Amino acid sequence: MSSTPDFRFDGRVAVVTGAGRGLGRAHALLLAERGAKVVVNDLGGTKEGEGSDRGPANDVVAEITAKGGTAVADTSDVGSEQGCHALVDTAVAEFGRVDIIVNNAGISRFATFPEADADNLERTLDVHLRGTWHTTRAAWPHMVKQGYGRVITTTSTGMFGLPDNLAYATAKGALIGFTRSLAMEAAKHGILVNCLAPNAITRPSTSAAKPNITTTPQDEAQLQAMRTELVAPMMAYLAHEDCQVNGEILVAGARRFARWFLAVTPGHATEGDPTIEDIAEHWAEINDQTGYYIPENLYDWAGRFMRP
Ligand code: NAI
């Protein structure tokens with residue numbers, strides 16, 4: 001058991017997108033249990049993003065209120081800019097402010113290249129990338145005005161390489177650039193922006209349409225370790241006022257928490273103008289991970305890379 005003092009969210013208002021099921025539900029339940037007022041957003045469609053259903057959002061609100069918490073359901077579609085604004089408007093109308101945005105809603109349309117078509121790409125970008133962008137942007141003026149905010153985005157280790165779900169991996173990669181860049185702008189307003197890479201058994205990860213994925217747990221102990229509730233504490237830590245982490249990517253699930261970082265090798269610098277042969281000759285040095293560095297941002301990277 002942790003000896004950390006009670007992390008609470010009394011007086012805080014949290015918006016959790018896609019909170020009717022899976023990880024979002026676990027996020028909403030934990031924040032509400034610790035005192036936050038929660039907007040439980042969920043469109044309620046299939047895992048591919050078809051259709052809608054008020055049931056999942058309403059059920060989670062009922063679950064929270066039955067335990068003495070405070071929550072309101074919202075069924076806006078974060079795949080539309082209008083829906084993202086409506087969602088934040090719900091938080092402000094119901095609870096008077098918005099302190100925490102957990103951008104969690106997601107869909108999964110397994111398709112590789114070139115079968116993954118324009119519709120697959122656009123719909124995936126709409127929910128994961130544009131949904132995060134517009135929801136955060138709608139909350140931004142409120143957070144800037146109050147000089148406080150916590151934004152969580154959700155990426156995926158699929159970004160390490162998931163050819164079976166190409167549009168998904170593409171959208172999740174974009175969220176890392178969004179998180180790291182927005183974090184720099186956010187800090188001066190008392191806002192922190194971090195990215196969560198969860199790992200849990202939910203609808204998409206039990207999909208029959210994942211022929212090449214071999215990471216699915218095989219036994220009961222592994223299934224227990226991959227409960228969504230075991231991811232939520234990292235989300236809540238990043239959402240708490242005591243947290244000072246900004247622009248980072250954290251992997252969470254299966255009872256392990258880790259930092260995921262972007263690093264650059266020291267590489268090889270040529271004396272004169274390089275040739276193709278120089279590249280071939282120094283390939284090992286270019287790739288040598290000894291002494292790699294983790295740039296804080298573009299300017300930090302440029303200072304190191306451009307150094308004579
Ligand atoms: P899930 O399918 O169980 O839950 C996602 C929820 O988002 C659903 O209830 C769905 O109705 C809702 N949603 C989808 N489109 C929406 C829209 N346009 N507007 C509002 N709500 C919408 O999936 P899961 O696994 O809980 O995923 C949550 C997030 O975590 C997603 O962003 C997913 O990509 C990410 N993730 C999950 C992993 C896992 O191990 N389960 C691994 C890596 C990332």
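Data for the structure
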{"quantity": "Rg in Å to one decimal, and Dmax rounded to a whole Å, for the stretch 263-308 via C-alpha atoms", "calculated": "11.5, 32"}
{"quantity": "Rg over Rh, two decimals, the stretch 33-122 (C-alpha only, Kirkwood Rh)", "calculated": "1.05"}
{"quantity": "Compactness of the chain - radius of gyration and Dmax, Cα, Å", "calculated": "20.7, 71"}
{"quantity": "Net charge contributed by nearby residues that have their C-beta within less than 12 Å of N103 (K/R +1, D/E -1)", "calculated": "+4"}
{"quantity": "Accessible-area value, H268, 1.4 Å probe, nucleic acids and ligands omitted, Å²", "calculated": "60"}
{"quantity": "D74 long-range amide H proximity, modeled H, under 5 Å", "calculated": "V40, N41, D42"}
{"quantity": "Selection of GluC sites (Glu not before Pro), the stretch 258-289, meeting DSSP coil and at most 14 other Cβ within 10 Å", "calculated": "E271"}
{"quantity": "Long-range amide H partners of V193 with built H, under 5 Å", "calculated": "V151, G247"}
{"quantity": "Net length gained if the chain between E185 and R137 were fully extended (0.36 nm per residue, minus Cα distance)", "calculated": "16.0 nm"}
{"quantity": "Over the stretch 1-138, relative contact order from alpha-carbon pairs under 8 Å, at least 6 apart, %", "calculated": "26"}
{"quantity": "Globularity index of the stretch 116-199, i.e. its alpha-carbon radius of gyration over 2.2 N^0.38 Å", "calculated": "1.17"}
{"quantity": "Under 18 Å, Cα to Cα: Lys pairs in the chain, sequence gap 8 or more or different chains", "calculated": "5"}
{"quantity": "Loop GluC sites (Glu not before Pro), the stretch 29-107 (other Cβ atoms within 10 Å of the site Cβ: 11 or fewer; DSSP)", "calculated": "E50"}
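The values are calculated or read from the model by the stated rules, or taken from the named source; none is laboratory data. Quick caveat, the model's predicted, so the values are computed rather than measured. Glycine gets a Cβ as well: all are built from the backbone with ideal geometry, and neighbour counts include every protein chain shown. Side chains are part of the model used for accessible areas, which takes the heavy atoms of the whole protein and leaves out ligands, DNA and RNA. Shrake-Rupley method; radii C 1.70, N 1.55, O 1.52, S 1.80 Å.
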